[in-house]
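What follows is one structure encoded as structure tokens, with my remarks underneath.
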Amino acid sequence: MPLPPPPVRPDPNHVPSEREVREDLAAAYRLIAHFGMTDLVFTHLSARLPGEGHRFLVNPYGMLFEEITASSLVVVDAEGEPAQETAWPVNPAGFVIHSAVHREREDAMCVMHTHTLAGMAVAAQQGALLPLNQISMEFDGRVALHDYEGIAADDNLSERERLVRDLGDKPCMILRHHGLLTVGHTVAEAFYWMYYLEQACRIQLTAQSSGAALALPSTQTVQRTRNQFGTGPTKGWLPWQALRRKLDREQPDYVA
């Protein structure tokens, strides 16, 4: 197999086309499925479309993440109602969390929400995420917490305000008794945060399951490690190129 061309660092000011957003978001759905982070047909990944107005892409309700394609993604308005003709149902209640974040965070082009075993288990722990590994240390000061108020739905609109307030300017959130949430300037960035937040949760549960006393690093070490990781609008772009190539080889229909 020939070597792929070397990656070219993206322009942080590039405004993607709708087609680019569709392909990236479809890729994210396939990758979330590939890495075992799905909950049947539930949970959502959403992305803001370029241009005027509040338009977003979200999955058709009832399709498995592994079935999502670029063309199957549905355009919805800020309330999660379809803004295009579609034969598939859309779940506005499932978009409640996403709409709250998209409307209040201009930098939140992409929002991802999962119900993984590891994520929900850590969300049930009083201490939340612990700095047990350098992967976990990157999240120091970058993970918000939001208390559980029941299933997120339109019968509790005031929760949107509290959720956005709790998230603040952070890229990640642990929803108590619920799951994980990440945001990004790009699909690549939101996926990076979600993948490694999930890994941090898995590491924590594995370490705790041994029954041995946990060794916690000093605050100084945690902060130094955190600062060694880069941030910015091109966060996650390098592994994203590799993951897109993987999908191009193994699941090329995602761009259909």
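The values are calculated or read from the model by the stated rules, or taken from the named source; none is laboratory data. Just so it is clear, the structure is predicted and the values come from calculations on it, not from any experiment. Reconstructed Cβ throughout: ideal geometry from the backbone, glycine too, with neighbour counts over all protein chains shown.
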Odd one out for Gln220, checked against (1) modelled with pLDDT of 95 or more; (2) loosely packed, with under 12 Cβ neighbours inside 10 Å; (3) within 18 Å of Met109 (Cα to Cα): (3)
Any pair with Cβ under 6 angstrom, 6 or more apart, that starts in region 236-256 at a residue that is in contact (Cβ under 8 Å) with a residue 60 or more places away in the chain and under 15 Å from Ala33 (Cα atoms) and ends at one that is surrounded by 13 or more Cβ atoms within 10 Å (Cβ to Cβ) and among the hydrophobic types (A, V, I, L, M, F, W, C): Leu243/Leu31; Arg244/Ala27; Leu247/Ala27; Tyr254/Ala26; Tyr254/Ala27; Tyr254/Leu247
All positions within region 1-52 that are within 28 Å of Glu67 (Cβ to Cβ), among the basic types (Lys, Arg) and exposed (fewer than 15 other Cβ atoms within 10 Å of the Cβ): Arg19
Residue that is under 24 Å from Ile203 (Cβ atoms) and β-branched (Val, Ile, Thr), where the choices are Ile135, Ile97: Ile135
Tabulated pairs, region 157-177, first within 20 Å of Glu189 (Cα to Cα), second surrounded by fewer than 18 Cβ atoms within 10 Å (Cβ to Cβ) and aromatic (Phe, Trp, Tyr), C-beta under 8 angstrom, 6+ apart or interchain: Leu175/Tyr148
Residue count, region 103-128 (criterion: in a loop (DSSP other than H, G, I, E, B) and crowded, with 22+ Cβ neighbours inside 10 Å): 3
Every pair of residues 6+ apart whose Cβ atoms lie under 9 Å, when the first sits in region 190-212 and is without any contact (Cβ under 8 Å) to a residue 60 or more places away in the chain and surrounded by 18 or more Cβ atoms within 10 Å (Cβ to Cβ) while the second is assigned to a helix (DSSP H, G or I) and aromatic (Phe, Trp, Tyr): Tyr192/Trp237; Tyr192/Trp240
Segments classed as strands (runs of 3 or more DSSP E), wholly inside region 1-102, with at least 1 members that are touching a residue at least 40 places away in the same chain (Cβ under 8 Å): 45-48, 56-58
Region 230-256 - residue that is out of contact with any helix residue (DSSP H, G or I) (no Cβ under 7 Å at 6 or more places or on another chain) and of a type in the set (A, V, I, L, M) and, of those, nearest to Arg19 (Cα to Cα): Ala256
Answer residue from region 156-211, given it is of a type in the set (Val, Ile, Thr) and assigned to a helix (DSSP H, G or I) and is nearest to Ile135 (Cα to Cα) among those: Ile203
Members of region 156-194 that are in contact with a strand residue (DSSP E or B) (Cβ under 9 Å, 6 or more places away or on another chain) and of a type in the set (Ser, Thr, Tyr): Thr182, Thr186, Tyr192
